[in-house]
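Read the structure below first, then the notes.
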Amino acid sequence: MHQSPLAEHVGVEITGVQMASLEGEALDALKQAVYRNGVAVLRDQDLSPEQHIAFAKRWGGIDVNPFFPTNSGWPEIAEVRKAESQKNNIGGGWHTDHSFDQVPAMGSILVARELPPEGGDTLFSSMGAAYDALSDGLKQTLSTLRAVHTADHIYQPGGYYSQTDLAGEMTGQELSTRAVHPVIIRHPVTGRKLLYVNGAFTTHFEGWTRAESLPLLKYLYELGSRDEFQCRVQWQPGSVAIWDNRATWHLAMNDYHGHRRVMHRITITGEPIGA
Ligand SMILES: O=C(O)CCC(=O)C(=O)O
Ligand SMILES: [Fe+2]
């Protein structure tokens, strides 16, 4: 297995690996690469949906996302799709998946299925680097805070995603999501300290009003999205990205209007997170 960094703080490209047959020590090495680099990109994988599911099961449990269309034909696979006629995309703002769950998903395995002729890259940002860049004073203050996360404003009828491909799935759905997490968490495997708020799902600090929380949250959202903490994944047919939701944010670029893009996502079960 050969690893080469995608950027200074986040992302690694891995070659010399076929995921379909990966197990044992080689699988453990790939897991470590994901935990330490936040996201790993593997090229030329030619993974069938069945192999995608089997790989995810070898990694750990699968979280089936109740919000996404499962019209890929496999209930374990969420189809992340933008049609030619759509304007908004899924994941178009900086976020980390499932932070609104009290035990958030570990991460996802995203397989490129249909790509636009150009564009449609995915950006990742390092929450370890964002934490490290804080002053000692702000680190200290944030270490005493917890934040509330919800997805109700996004997934409920009339929410932001009603303009994406998820719309049909969401109609009439009564969903309420809420979790409270420390603002600074420790990575459950590496022990690295990480900033754990995100602009999509974190609404306020526990015990603070939203108005009081917003200025500081906005500062943290700006910090976390600085160019120097990012890497860019350019998809090719056969590309697969595996990311860690605790260690990174991600953003799907929405710069290919008029073209279709289809990705297959499997979300891997996580473990309790804490300070
Ligand atoms: O389509 C992408 O590149 C990523 C979309 C996203 O946010 C996700 O699958 O979690
Ligand atoms: Fe996402």
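Readers should treat all values here as calculations from the given coordinates under stated rules, not as data from a laboratory. Keep in mind it's a predicted model, so treat the numbers as computed, not measured. For neighbour counting, all protein chains shown are included, and Cβ atoms are generated from backbone atoms with ideal geometry for every residue, glycine included.
A simple count of charges around Trp94, restricted to other residues whose Cβ falls under 13 Å of its Cβ and scoring Lys, Arg +1 and Asp, Glu -1, yields -1.
Taking every DSSP bridge with both residues inside the chain, close to 95 percent are antiparallel. Computed on the range 2-268, with alpha-carbon pairs under 8 angstrom and 6+ residues apart, the relative contact order is 37 percent.
Among Trp94, Trp74, the order by Cβ neighbours within 10 angstrom, fewest to most, reads Trp74, Trp94. Neighbours of Met106 by Cβ distance under 12 Å: Lys/Arg scored +1, Asp/Glu scored -1, total -3. So if I take the centroid of the Cα atoms in the range 19-56 and the same for the range 254-272, what is the distance between those two points in Å? Computed from Cα coordinates, the inter-centre distance equals 17 Å.
With Cα atoms as the point set, the range 1-72 shows a radius of gyration and Dmax of 13.4, 38 Å.
Considering only Leu145, Val103, Gly60, the residue lying farthest towards the positive end of the dipole of the range 2-268 is Leu145, judged by Cα position with unit charges set on Cβ.
Shown for Met253, Met106, Met19: other C-beta atoms within 10 Å of each C-beta, ranked fewest to most, produce the order Met253, Met19, Met106.
Residues in the range 84-123 near a label at Ser4, defined as backbone nitrogen under 15 Å from the 7 Å Cα→Cβ point? None, by backbone N distance to the label point.
Summed over qualifying helices (DSSP H, 4 residues or more, each -39500 (n - 2.57)) and divided by its residue number, the chain shows a 222 nm mean residue ellipticity of -6000 deg cm²/dmol.
With a cut-off of 13 Å between beta carbons, the residues surrounding Leu194 carry a summed charge of +4, where Lys and Arg count +1 and Asp and Glu -1. With only the Cα atoms considered, the chain has a convex hull volume of 122 Å³ per residue. What you get for the chain, charging only the Cβ of Lys and Arg (+1) and of Asp and Glu (-1), is a dipole of about 400 debye around the Cα centre. Computed from the Cβ-Cβ distance with R0 of 45 Å, the FRET efficiency linking Leu214 to Lys57 stands at 0.65. First check a/c for the range 54-116, with a ≥ b ≥ c the square roots of the eigenvalues of its C-alpha gyration tensor; if it is under 1.5, answer rounded, and if not, answer prolate when a/b is larger than b/c or oblate otherwise. It is oblate, given that a/c is not under 1.5 and a/b is not larger than b/c.
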